[in-house]
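What follows is a single structure, written as structure tokens, with notes after it.
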Amino acid sequence: QTVVTQEPSLTVSPGGTVTLTCASSTGAVTSVYFPNWFQQKPGQAPRSLIYSTTNKHSWTPARFSGSLLGGKAALTLSGAQPEDEAEYYCLLYYDGAVIFGGGTKLTVL
Amino acid sequence: EVQLVQSGEEVKKPGEPLKISCKASGYSFTNYWIAWVRQMPGKGPEWMGIIFPGDSETKYSPSFQGQVTILVDKSINTAYLQWSSLRASDTAMYYCARHIGGITGTLDFWGQGALVTVSS
């Protein structure tokens, strides 16, 4: 069974930079996995931030960016704001299957 | 404005059937896939499957194949998630989302979620 792994928790200072990663049990994550990143705050539906590795929506704050880093998908937050405190989930595509990661709880403190 | 409005909270007993809905507005319903996503209490989301309203083509995650049925009524811009016999382990929040770019695309707009509680 394929597993998508994220850091369980990370902390960033206000104004700081943090990188969240998304690894696949099948090996290196590449663009053909079409990595997505979602933000979810308590009591809310997930919100799409990044799709197809690097693409942003019109609503995605400029401080968020997506990339591939060391065989993983990565979400970098540059200039963290208090409102960025949330759970972040990655999603990978596998030949007809779509799998979410377990999530990273990001604390801005 | 794209909106997906889901039916309300459900409390059911094990063995009962259930069908929850997701009504779309603000875009051409038949041109975009709709996905269903489960989120169990305190856990991450799980992609259950998708349906293309234009022709009702469906794709299921292996984990959910045979456990649920995804349906659509394009005459009223509504997608459905259906169980024939609920289990306690089906207790979760269920979201519908528009899946643009096909299965390799993204889930850009989401419904508000429908909480399903299955308990005897």
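The values are calculated or read from the model by the stated rules, or taken from the named source; none is laboratory data. Just so it is clear, the model here is predicted, and its values are computed rather than measured. Glycine also receives a Cβ, built like all others from the backbone with ideal geometry; neighbour counts cover every protein chain displayed. We work out accessible area using only protein heavy atoms, side chains counted, and drop any ligands, DNA or RNA first. Shrake-Rupley method; radii C 1.70, N 1.55, O 1.52, S 1.80 Å.
Considering only protein heavy atoms and a probe of 1.4 Å, how much of the accessible area of chain A is carbon and sulfur, as a whole percent? C and S fraction of accessible area: 53 percent.
3J(HN,Hα) along region A:22-35: 9, 10, 10, 5, 8, x, 5, 7, 10, 5, 6, 8, 6, x Hz, from the Karplus curve 6.51 cos²θ - 1.76 cosθ + 1.60 with θ = phi - 60°, whole Hz, x for Gly and Pro. Rolling a 1.4 Å probe over the protein heavy atoms gives chain B an accessible area of 44 Å² per residue. A 1.4 Å probe run over the protein chains yields, for chain A, 44 Å² of accessible area per residue, whole-number rounding.
Would you mind telling me which residue in B:LEU18, B:LEU81, B:LEU71 has the biggest mean-square fluctuation in a Gaussian network model of chain B, where springs connect alpha carbons within a distance under 10 angstrom? Sorting by GNM fluctuation, first place goes to B:LEU18. Suppose R0 equals 25 Å; then what is the FRET efficiency for A:SER67 and A:ASP95 from their Cβ-Cβ distance, rounded to the nearest 0.05? The pair A:SER67/A:ASP95 has a calculated efficiency of 0.65. Using the Karplus relation 6.51 cos²θ - 1.76 cosθ + 1.60 with θ = phi - 60°, the per-residue 3J(HN,Hα) values for region B:22-34 come to 8, 9, 9, 8, x, 7, 7, 4, 6, 9, 10, 5, 10 Hz, with x marking Gly and Pro.
For the protein assembly as shown, the spread of Cα coordinates along the three principal axes comes to 49, 39, 36 Å, biggest extent given first. Segment A:GLU83..A:LYS105, full-extension length gain: 6.6 nm, with 0.36 nm per residue of separation and the alpha-carbon distance subtracted. Under 5 Å from the amide H of A:GLN81 lie the amide H atoms of A:GLY15, each residue being 5 or more positions distant or on a separate chain, with H modelled from the backbone and absent for Pro and chain starts.
Using the Cβ-Cβ distance between B:SER75 and A:LYS56 with R0 = 25 Å, the FRET efficiency computed as 1/(1 + (r/R0)^6) comes to roughly 0.10. Between B:THR117 and B:SER63, what FRET efficiency comes out of the Förster formula 1/(1 + (r/R0)^6) with R0 = 25 Å and r the beta carbon distance, rounded to 0.05? The formula returns an efficiency of 0.75 here. Using heavy atoms of the protein chains and a probe of 1.4 Å, the accessible area assigned to B:GLU46 is about 60 Å². When the C-alpha to C-alpha distance is required to be over 30 Å, the pairs from A:LYS41/B:LYS74; A:LYS72/B:LYS19; B:LYS43/B:LYS74; A:LYS41/B:LYS59; B:LYS12/B:LYS43 that qualify are A:LYS41/B:LYS74; A:LYS72/B:LYS19; B:LYS43/B:LYS74.
For chain A, averaging the sequence separation of C-alpha pairs within contact (under 8 Å, six or more residues apart) and dividing by the residue count gives a relative contact order of 37 percent.
When only Cα pairs below 8 angstrom with a gap of at least 6 residues are kept, region B:1-55 shows a relative contact order of 31 percent. Contact order, relative form, for region B:32-120: 29 percent (alpha carbon pairs under 8 Å, 6 or more residues apart, mean separation divided by residue count).
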